[in-house]
Amino acid sequence: MTTTRTATRSLLRLLREEADESAFHAVEAEAPLVDDALEIRSRLAAHRRREAALAGLYETAGDLASLRDLEDVLQAIVRRARTLVGTDVAYLLLSDPEAGDTYVRVTDGITTEPFKNGRLAVGTGLGGLVAETAQPYHTADYPNDERFAHSDYVDGVIAAEGLVAIQGVPLKFGDQVYGVLFVANRRVRPFSPEEVELLISLANHAALAIENATLFEEVRKAAAVHERLTAVALEGGGAAGLAQALAEVLHGSVLVLDAHDRPLAAAGEEPPEPATWKRELGDVRARRTSVTRGGTCVTPIVAVGEHLGTLFFVRGGLDATDVHALERAAQSAALMLLGERSVAEAEQRLRGEILDDLLGAPHRDPDGLRRRAALVGLDLEDAHIVLAARGEDPDRRRRITELASAHAGRLGGIAGEYGGNTVVVLPGAEDPGRAARTLAEVLTAGSGGGRVTVGAEAAVPGAAAVVEAHRDAARCLDVLLALDRAGEGACRDELGIHGILLGQADRRELDRFVARTIGPLVEHDAARGSELVRTALEYFACDGSLSRTAAALYVHVNTLYQRIDRISALVGKQWRHGDQALQVHLALKTYVTRPVRPLTS
């Protein structure tokens, strides 16, 4: 009994001192007693290891929770994993939803560059299987483990690094799998259940830390974007300020499109070409959600169900936080664009009202009219150019007026609709013909619906002169259209004899001249639906060639002979010869370029 007590005390002392296993075997005691002591020793050692692991895990969780930068979080995860499990290396792969695979994001202990830049298809190798199933896997000898789908690329990268034993666990938060966390050794080494559980616990804390860091990064970016865009809005920076602010805050290139996919502004080194993104633009417009491709994100600008425009953002390493920041920016951009549009519409209404009063009732309140015109930068005491524009497509009239208003605004003028035309009043009177051609080009290019024709006239100072110039500009427009010069721009001085006729003071005399000269032709066409006026015009346009005239009219030569005989019977046989030919041709041209009115002899 005394010997047993002594042996027991000796074994207890060894347990207290955490002695080596060999010291227990040296105690003179019964084998069962020594075996029990060794079992207790083993359990105490496991308990201490678990306590140490839990303490390390607790410390790691605290460290991860204190980190806000995503890069710092990822580096801390692999460093702690390597330390806690006691392996040669640790590394982390993140999912790439767009590419449909995973890629090495951070490493600790890895030495080869191909490994650090590696990518792994879902389902391939141990890591691909973890990414696919969101379940942990481990192996003591990966190169010889047939449970996994090996590939030459993956096996070559792992062999170059010399890795043998590998353990991988998913980084999962809720239903979101961010990637895979690995620890590995360069020798055969089984992983105990305790080590697997430890790495799973670490991965769970790491996934939560990644989620928090991602949310924090989103909030930080959104706050930075909001702050900059607020400053842009207060400073009136417009689309250009918006693009520049986003490019600087998010460190990329930005392109802003309007509601019709036309570029409004760009900033950065490599803004994309919208023409190469037709499918994505269609998806964005239809679904009203962001679309990403490669390093580019396309985000819609929407307000109250209305598509106002599109944001393009380009940067290498584009991530979810950038997409969310752009979506927040799109909300601010929508408010900015709506505000700008409201101001523009209010200003356009004011300019339109001033134009209506200026052209329709300039004598009603001349002093008040001058003051109101001055509010929009128009000084009626200066010389001006008045332009009248009309498009081939009546449904594009509003768009043409919008474009004309923008053009006039850039030049310090006003624009609006009046008398069925788009009317523009610009300061200065240097070259009305050039101003007309410039406006015709701008409106034709931007309207997207056929050619736009523009007539122009210069106006001396005073509201009454603007009214008179408007009449001449509108007549000039009618003449251009009558002369088949749609899409052109010109002033009265550029119309030759037609310009001289437009400048005649007594227009009633012109009407009487036309009636005396070709009145019977006009009346015949009106009564019988014939085309004698057109036939005579084509005859003169073809220099009297009967074959060319018949071809231009798409009629047989015999039909043309019959028409010429009818014209001769109505206006006289000499209508094609000498002075009478000049009179008839001039009357025909005057008739087709005059406003529609009854002819009186």
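Every number here is computed from the coordinates shown, using simple stated rules; none is lab data. What you are looking at is a predicted structure, and each value in this text was computed from that prediction instead of being measured. Cβ placement follows ideal geometry from the backbone for every residue including glycine, while neighbour counts extend to all protein chains displayed.
Where does each of 299, 124, 8 land when they are ranked from fewest to most other beta-carbon atoms within 10 angstrom? Starting with the residue having the fewest Cβ neighbours, the order is 8, 124, 299. Projecting the Cα atoms of 423, 433, 459 onto the charge dipole of the range 361-502, computed from C-beta unit charges around the Cα centre, puts 423 farthest toward the positive end. Straight-line cross-link partners of residue 589 among the lysines, defined as a Cα under 24 Å from its Cα and at least 8 positions apart when in the same chain: 573. Going from the residue with the fewest nearby Cβ atoms within 10 Å to the one with the most, 270, 113 rank 113, 270. When 312, 513 are arranged by Cβ crowding within 10 Å, least crowded first, meaning fewest neighbours, the order is 513, 312.
Please give me the summed charge of the neighbours of residue 268: other residues whose Cβ is under 14 Å from its Cβ, Lys and Arg +1, Asp and Glu -1. Charge balance near residue 268 sits at -4. The Cα-based radius of gyration of the range 236-342, divided by its Kirkwood radius, gives an Rg/Rh of 0.92.
Using only the C-alpha atoms, the convex hull of the range 507-593 corresponds to 90 Å³ per residue. Of all lysines in the structure, those lying under 25 Å Cα to Cα from residue 172, and not within fewer than 8 positions of it along the same chain, are 116, 221.
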